[in-house]
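The values are calculated or read from the model by the stated rules, or taken from the named source; none is laboratory data. Treat the numbers as computed from the prediction; the structure is a model and nothing was measured. Methodologically, a virtual Cβ is constructed for each residue, glycine included, from the backbone with ideal geometry; neighbour enumeration extends over all protein chains shown. Remember, those area values only see protein heavy atoms, side chains included, never the ligands or the DNA or RNA. Shrake-Rupley method; radii C 1.70, N 1.55, O 1.52, S 1.80 Å.
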Amino acid sequence: MSVEDSIRHHLLSIKPYEPVLPKSALGGPGALENDLPIKLNGNENPYGPSPKVVKSLAGFTEYHVYPDPDQMAIRTKLSAYTQTSIDSIIAGSGCDELIDLLLRLTIDPDDEVIDCTPTFGMYSFSTHVCGGKIISVPRNSQFAVDVDAVIAAITARTKIIFVASPNNPTGNILPAEDLLRLVGTGILVVVDETYYEFSGITHAKLVKTYPNLIILRSLSKWAGLASLRIGYGLMDPTIVEWLMTIKPPYNVNAAAELALLASLEDAAYLKANVKSIIQERDRMISNLGEIRGLNPLPSSGNFILVEVPLVSGKSICEELSSYNIFVRDLSDPRLQNYFRLSIGTREQNDRLTRSLTKIIEDRGA
Ligand SMILES: Cc1ncc(COP(=O)(O)O)c(C=O)c1O
């Protein structure tokens with residue numbers, strides 16, 4: 001008997017999620033510039049966490065004690081930050097874990113989940129892992145959600161509709177009127193607001209009115225905590241209770257808990273960094289727009305999707321890596337002439353702009 005004989009049948013053909021390369025795998029002898037590698041492929045925060053997080057973790061000694069399974073300190077702090085009652089809040093090991101938990105809660109074999117492509121890959125990946133079937137409804141030519149098509153795709157087996165707002169990688173938000181039509185279907189609608197702090201636009205207030213609306217958020221991006229894995233959801237208390245029942249008891253570790261508490265204590269500092277990232281994003285959109293052959297799209301996140309109509313996005317990513325700069329190519333068939341860059345510091349962004357200018361000039365495009 002082989003190991004494969006023991007694996008759940010539907011997982012034998014699963015396409016692995018393609019995570020971004022870690023820092024340790026970047027750079028190397030091929031680099032043309034002597035400068036340090038610039039990692040702009042994971043929508044990470046170039047300013048890092050709040051200094052209060054670093055201080056709080058340095059002074060922590062209780063690593064031998066399990067964290068609170070009810071997450072009371074975290075949920076109390078988030079209640080004040082989100083103006084939502086504690087019983088409507090649950091935290092997870094990143095937004096990723098909450099996506100997975102919601103699917104584990106709802107999916108029977110062959111149930112359907114709708115996502116709106118191009119979009120974040122974890123919705124389809126976790127759906128497959130959970131034994132569900134992903135129904136991908138393409139966004140329109142402006143990358144807006146095609147609400148009519150989503151509604152037409154709903155069947156008796158549809159369990160969840162996922163929409164990211166701002167959407168990764170296209171950077172646009174889901175307008176309220178579109179959301180209202182989606183929640184009007186009665187199906188669970190998950191609005192992933194991982195990049196909320198960069199857009200300033202949220203649908204969280206609607207959670208009280210619509211028990212089938214779930215908002216997901218993260219501290220990976222605006223609070224610079226990607227490596228600690230902490231996110232949260234806002235939703236009807238009944239769904240929170242169900243998720244509390246099925247989640248691993250200690251799903252949020254003590255370091256992530258401390259980091260969340262210290263970050264929210266220092267929200268003003270982090271929001272100032274968010275403001276700098278937004279200013280840099282808008283400056284980059286304007287600078288990149290000046291380069292012939294590049295078409296940066298508007299963005300409400302901390303990243304920009306750039307169209308390169310004449311060449312493949314992958315080839316631009318490869319050439320940039322020889323300058324020790326790492327951006328993200330995209331597997332979606334509609335995005336073969338695009339790449340995505342995360343907003344870095346002003347110096348990093350300027351080096352990226354210089355390198356891109358040189359690459360395009362050398363190609364004579
Ligand atoms: C739309 C979207 N949702 C969720 C995540 C993952 O968030 P977390 O780091 O909290 O798991 C990402 C990460 O890039 C994302 O782009």
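Farthest toward the dipole's positive end in the chain, which of T185, L36, V3, given Cβ charges of +1 (Lys, Arg) and -1 (Asp, Glu) about the Cα centre?
L36
Using +1 on the beta carbon of Lys and Arg, -1 on that of Asp and Glu, and nothing else charged, what's the dipole of the chain about the Cα centre, debye to 20?
Values: 34 positive and 42 negative charges, 119 e Å.
So the dipole magnitude of the chain works out to roughly 580 debye.
Report the calculated FRET efficiency for H9 and T106 (r = Cβ-Cβ distance, R0 = 22 Å), to the nearest 0.05.
With a Förster radius of 22 Å, E is 0.60.
So how strong a dipole does the range 55-113 carry about its Cα centre when Lys and Arg Cβ are +1 and Asp and Glu Cβ are -1, to the nearest 20 debye?
On the way: 4 positive and 11 negative charges, 123 e Å.
So the dipole magnitude of the range 55-113 works out to roughly 600 debye.
Please work out the FRET efficiency for the pair D70 and E307, using the Cβ-Cβ distance as r and a Förster radius of 35 Å; give the result to the nearest 0.05.
After rounding, the FRET efficiency stands at 0.15.
Please work out how much accessible surface K52 shows to a 1.4 Å probe, ignoring ligands, DNA and RNA, in Å² rounded to 10.
Solvent-accessible area, nearest 10 Å²: 100 Å².
Set the Förster distance to 45 Å, then compute FRET efficiency between A176 and M1 from the Cβ-Cβ distance, nearest 0.05.
After rounding, the FRET efficiency stands at 0.25.
For the chain, what does the helix formula give at 222 nm: sum of -39500 (n - 2.57) over DSSP H segments with n ≥ 4, over the residue count, nearest 500 deg cm²/dmol?
-11000 deg cm²/dmol
Might you tell me the accessible area per residue for the range 33-86, computed with a 1.4 Å probe and given in Å²?
With the other protein chains kept in place, the range 33-86 gives 60 Å² per residue.
Determine the alpha carbon to alpha carbon distance for each of K77/K247; K39/K314; K275/K358 and list only those over 25 Å.
K275/K358
How big is the accessible area of R157 in square angstrom, nearest 10, if you roll a 1.4 angstrom probe over the protein chains?
Only protein atoms counted, so the area is about 100 Å².
Contour minus end-to-end for S322 and T61, with contour as 0.36 nm per residue of separation and end-to-end as the Cα-Cα distance?
89.7 nm
What is the range 126-179's relative contact order, in percent, from Cα pairs under 8 angstrom and six or more apart in sequence? Could the numbers behind the result be given before it?
Details: 31 pairs, mean separation 13.4, N = 54.
25 percent.
Can you tell me the length gained on complete extension of the stretch K208 to I246, counting 0.36 nm per residue apart and subtracting the Cα distance?
Taking K208 through I246 to full extension adds about 11.4 nm, to one decimal.
So, counting K/R as plus one and D/E as minus one, what does the shell of residues with Cβ under 15 Å around L341 add up to? Don't jump to the answer; show the numbers that get you there.
Numbers: positive: K39, K221, R281, R283, K314, R328, R340, R346, R351, R354; negative: E44, E280, D282, E307, E318, E319, D329, E347, D350.
Neighbourhood net charge equals +1.
Any idea what log10 I(q)/I(0) is at q = 0.13 Å⁻¹ for the chain, Debye with uniform C-alpha scatterers and no solvent?
Debye curve over Cα of the chain, log10 I(q)/I(0) at q = 0.13 Å⁻¹: -1.11.
For the chain, what is the percent of antiparallel DSSP beta bridges, rounded to the nearest 5? Don't skip to the answer; put the middle values down first.
Values: 17 of 35 bridges.
So the antiparallel bridges amount to about 50 percent of the total.
Placing unit charges on C-beta atoms (Lys and Arg positive, Asp and Glu negative, everything else neutral), compute the dipole magnitude of the range 193-267 about its Cα centre in debye, rounded to 20.
180 debye
Return the whole-Å distance between the Cα centroid of the range 119-193 and the Cα centroid of the range 317-365.
Using only Cα atoms, the two centres lie 29 Å from each other.
Once you have the Cα-Cα distance between A144 and Y81, take 0.36 nm times their residue separation minus that, and quote the gain in nm to one decimal.
Here the segment from A144 to Y81 would lengthen by 19.8 nm.
Give the carbon-plus-sulfur fraction of the accessible surface of the chain in %, rounded to a whole number; probe 1.4 Å, heavy atoms of protein chains only.
Ligands and nucleic acids excluded, carbon and sulfur reach 55 percent.
Please calculate the 1.4 Å probe accessible area of V65, with all protein chains present, and give it to the nearest 10 Å².
70 Å²
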